[in-house]
Amino acid sequence: MSEAENIRAMAQQFFDAIEQGDIETMQSSFTADAEIWHNTDEQIVSPAQTAQTLTGLVARIKDRRYADRRLTVYPGGFVQQHVLTGKRVNDDVEVRLPCAIICKVEDGKITRLDEYFDSAHVAAFRKYA
């Protein structure tokens with residue numbers, strides 16, 4: 001497979017794993033020293049911290065789906081725009097979170113992930129958390 005095909009397959013596996021609640025596979029997509037940056041708090045976190053956050057997401061949001069995936073692969077990384085949808089476990093309210101993710105990839109692993117969320121949508125996801 002070409003580099004672009006490998007990156008495309010890795011990106012697909014990464015987001016599919018989160019949909020399925022497979023945090024181990026998601027976390028294994030990162031290098032050990034990867035940096036994950038969030039626009040909502042401008043913090044850089046580790047893959048372990050991201051795994052902890054997504055474990056909470058899986059516990060609180062059911063029927064997770066990355067809808068309207070628009071994946072663009074480029075040498076050394078990818079950009080994906082999507083809408084994360086699901087239902088809050090505690091009250092069955094549907095939530096949606098439009099997002100853009102930019103990733104740098106080396107040797108089949110994510111070395112840096114920058115995520116861009118609309119803070120108003122983040123609040124609906126976090127309600128009752």
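The values are calculated or read from the model by the stated rules, or taken from the named source; none is laboratory data. Keep in mind that what you see is a predicted model, and the values were worked out from it rather than measured. Cβ: placed from backbone, ideal geometry, glycine included. Neighbour counts: every protein chain shown.
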Checklist entry - Which strands (runs of 3 or more DSSP E) sit wholly inside the range 18-129 and have at least 1 residues that are out of contact with any strand residue (DSSP E or B) (no Cβ under 8 Å at 6 or more places or on another chain), closer than 22 Å to residue 7 by Cβ and modelled with pLDDT of 95 or more? => result 30-38, 61-74
Next on the checklist: Looking at 70, 65 in this structure, which one is under 19 Å from residue 114 (Cα atoms) and either without any contact (Cβ under 8 Å) to a residue 12 or more places away in the chain or of a type in the set (D, E, K, R) (or both)?
Outcome noted: 70
Checklist entry - Using beta carbons and a limit of 9 Å, which pairs, at least six apart or on different chains, have the first residue in the range 1-23 and in contact (Cβ under 8 Å) with a residue 60 or more places away in the chain and at negative phi and the second one part of a helix (DSSP H, G or I) and of a type outside the set (D, E, K, R)? => result 14/25; 14/26; 15/26
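Residues are listed down the side, and each one gets a yes or a no for (1) closer than 14 Å to residue 109 by Cβ; (2) of a type in the set (Lys, Arg); (3) touching a Gly at 6+ places or on another chain (Cβ under 6 Å):
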position: 20; (1), (2), (3): no, no, no
position: 32; (1), (2), (3): yes, no, no
position: 36; (1), (2), (3): yes, no, no
position: 45; (1), (2), (3): no, no, no
position: 61; (1), (2), (3): no, no, yes
position: 64; (1), (2), (3): no, yes, yes
position: 72; (1), (2), (3): no, no, no
Checklist entry - In the range 1-16, which residues are surrounded by 13 or more Cβ atoms within 10 Å (Cβ to Cβ) and more than 14 Å from residue 103 (Cβ to Cβ)? => result 16
Checklist entry - Tally time: how many residues in the range 45-57 are surrounded by 13 or more Cβ atoms within 10 Å (Cβ to Cβ) and either touching a residue at least 40 places away in the same chain (Cβ under 8 Å) or closer than 19 Å to residue 80 by Cα (or both)? => result 4
